[in-house]
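Notes follow once the structure below has been shown.
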Amino acid sequence: MTLQQLEYVVALDTYRHFVTAAEKCFVTQPTITTQVKKLEAEIGLILFDRTSTPLLPTQAGELFIEKAKMIIRDVGELKNMVNKELDSVEGKFTIGVIPTISQYLIPLISGNFSAKYPNTILKIEEMQTEYIINALQKKEIDMGILVTPVDETFIREVKLYNEPFVFYGQKDHPLGRKETISTGDIEQLNDLWLLNEGHCFRNQVLNICTNTASNKNIHFQSGSIEALKKMVDNYGGFTLVPEMAINKNDKASVVHFSEPKPIREVSIVTHHSFSKEALIDALRAEILDKIPKSFDKNARFMKVKWR
């Protein structure tokens, strides 16, 4: 039994003629005849007296048709409710954002988003990638913002932008005097400052810089890109940072990569049952409005994997 079959039965009751009912349902007369016969065979009831003119429902058919009308009406109300749910951004939602994105992106969008959507409450938590993935699988959070692809079947990815990596080294660093650098220039450099294990950005950097040796007697790893920048400022060496981590007050040499630039792909991720499409669209629009326009215009790039 299908909803379509129920609609055919109700149409037959309304128009009392197979050809007219078929025209109103935008199908051929044989289609509606076949589908009604299949339904009658399935339920074991004859719904219409085909010997009468005009067509009349049987006694059992009248009861069935009344119930069918109720079902069709209820389904229509359900569709309206779902459409309203999809079009609404109101509610309270939890979003996990990886630390290397949150400290630069969230302050940019929070003010405008809050003003535009005062009835939307976003609880934003800094979480490492694996925790976001696990929380989405358990449906403990509604969305995440992280580096993709994550290649998980239970996760839906909505791409936001490609963010380039940038070289950050002391003023006297040999590469600091170059206009641009390539990934080959830094593959074997030592004195690289890294994030702690567990950060996907660390894994991406290690895929670019294969030498982690250091000639310094202080070995420091941090969960903060800003802390690594300060180590470069005050102690030397270099690190790689996402472009949004660069600001006009930086003391070190900042050098961009030549094409194809190494980038990280940033996306909104949700579990497949998350239905607030309007919220995803609103959040995506706000983010794309605030990030550097160049992020979307890089025609050639080299995506750096972290998994």
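The single residue among LYS293, LYS216 that is outside the structural domain of VAL150 (by TED's automatic domain parsing), of a type in the set (D, E, K, R) and either at negative phi or modelled with pLDDT of 75 or more (or both) turns out to be LYS216. Being assigned by TED's automatic domain parsing to the domain that holds ASP74 and more than 24 Å from ASP74 (Cβ to Cβ) is a property that holds for ASP49.
Identify all residues within the stretch 51-61 that are surrounded by 13 or more Cβ atoms within 10 Å (Cβ to Cβ) and either among the charged types (D, E, K, R) or assigned to a helix (DSSP H, G or I) (or both); write none if there are none. Those that are surrounded by 13 or more Cβ atoms within 10 Å (Cβ to Cβ) and either among the charged types (D, E, K, R) or assigned to a helix (DSSP H, G or I) (or both): ALA60, GLY61.
Here ALA115, ALA41, ALA60, ALA22 are screened, and the one residue that is out of contact with any His (no Cβ under 7 Å at 6 or more places or on another chain), within 30 Å of LEU160 (Cα to Cα) and among the small types (Gly, Ala, Ser) is ALA115.
A search for C-beta distances below 8 Å between a residue of the stretch 19-30 that is under 14 Å from GLN4 (Cα atoms) and any residue that is part of a loop (DSSP other than H, G, I, E, B), counting only pairs 6+ apart in sequence or on different chains, returns ALA22/THR28. Among the residues making up the stretch 151-185, those that are in contact with a strand residue (DSSP E or B) (Cβ under 9 Å, 6 or more places away or on another chain), surrounded by fewer than 16 Cβ atoms within 10 Å (Cβ to Cβ) and assigned to a loop (DSSP other than H, G, I, E, B) are GLU152, PHE154, LYS171, ASP172, LYS178, GLU179, SER182.
With the requirement that a residue be touching a residue at least 60 places away in the same chain (Cβ under 8 Å) and among the aromatic types (Phe, Trp, Tyr), what does the stretch 222-261 give you? Once the filter is applied, which keeps residues that are touching a residue at least 60 places away in the same chain (Cβ under 8 Å) and among the aromatic types (Phe, Trp, Tyr), the stretch 222-261 yields PHE238, PHE257.
The values are calculated or read from the model by the stated rules, or taken from the named source; none is laboratory data. Computed from a predicted model, the values in this text were never measured in an experiment. Backbone-built Cβ (ideal geometry, glycine too); neighbour counts: all protein chains shown.
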